[in-house]
Amino acid sequence: MSRHAILGTAVGLGLLACLGGAAVAEPLALRIRNDTPAPLSCVLLLSHWYSEDFGPVAPGGSVDLALESGLPDGTVVRRNELARVMAVEGLYCVTSEAGAIQRATLPLDALRKATGMLLIACGGARHVECAVAPSLAP
């Protein structure tokens, strides 16, 4: 066996070992519920200055987002229309009542290790706040 064949086999096995141990993101279904008295719009801030808008969500309604999380470095990702991974850098929702715009930043740290389904409830009449809700009950 030649030295090149041995080296090629060693490199190939090394790559397989690296790929086999690569972390895989897990699905995270995020539901954002509007518990405010006004329509709610949300913005997902993605890497490379991209953003994705959701809403408006009527009072009592909700919007669902398909994300991925659970990576060792805490990155939360969203796949674009071409299935390319885009890192999530922020998430906020805004509502407007009586001409006053209120903005609530969603707790991105709560999403970093979460998988499965997670409910975020946004509520408040005078000041909107969004937090992880204890259950998926509407």
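The values are calculated or read from the model by the stated rules, or taken from the named source; none is laboratory data. A quick note: this is a predicted structure, and the numbers were derived from the prediction, not measured. In this analysis, Cβ positions are derived from the backbone assuming ideal geometry, glycine residues included, and neighbour counts consider all displayed protein chains. We work out accessible area using only protein heavy atoms, side chains counted, and drop any ligands, DNA or RNA first. Shrake-Rupley method; radii C 1.70, N 1.55, O 1.52, S 1.80 Å.
Data for the structure
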| item | result |
| --- | --- |
| Residue in region 67-80 that is of a type in the set (Lys, Arg), open to solvent by 60 Å² or more (accessible area, probe 1.4 Å) and farther than 16 Å from Ala29 by Cβ present | no |
| Selection count where residues are aliphatic (A, V, I, L, M) and either more than 20 Å from Asp35 (Cβ to Cβ) or in contact (Cβ under 8 Å) with a residue 40 or more places away in the chain (or both), scope region 49-72 | 3 |
| Qualifying residue in region 102-124 (condition: assigned to a loop (DSSP other than H, G, I, E, B), of a type in the set (A, V, I, L, M, F, W, C) and open to solvent by 40 Å² or more (accessible area, probe 1.4 Å)) | no |
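For every residue, the table says whether it meets (1) at pLDDT below 90; (2) assigned to a strand (DSSP E or B); (3) of a type in the set (Ser, Thr, Tyr); (4) open to solvent by 40 Å² or more (accessible area, probe 1.4 Å).
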| position | (1), (2), (3), (4) |
| --- | --- |
| His48 | yes, no, no, yes |
| Ser51 | no, yes, yes, yes |
| Gly60 | no, no, no, yes |
| Leu65 | no, yes, no, no |
| Leu82 | yes, no, no, yes |
| Gly90 | no, yes, no, no |
| Ser96 | yes, yes, yes, yes |
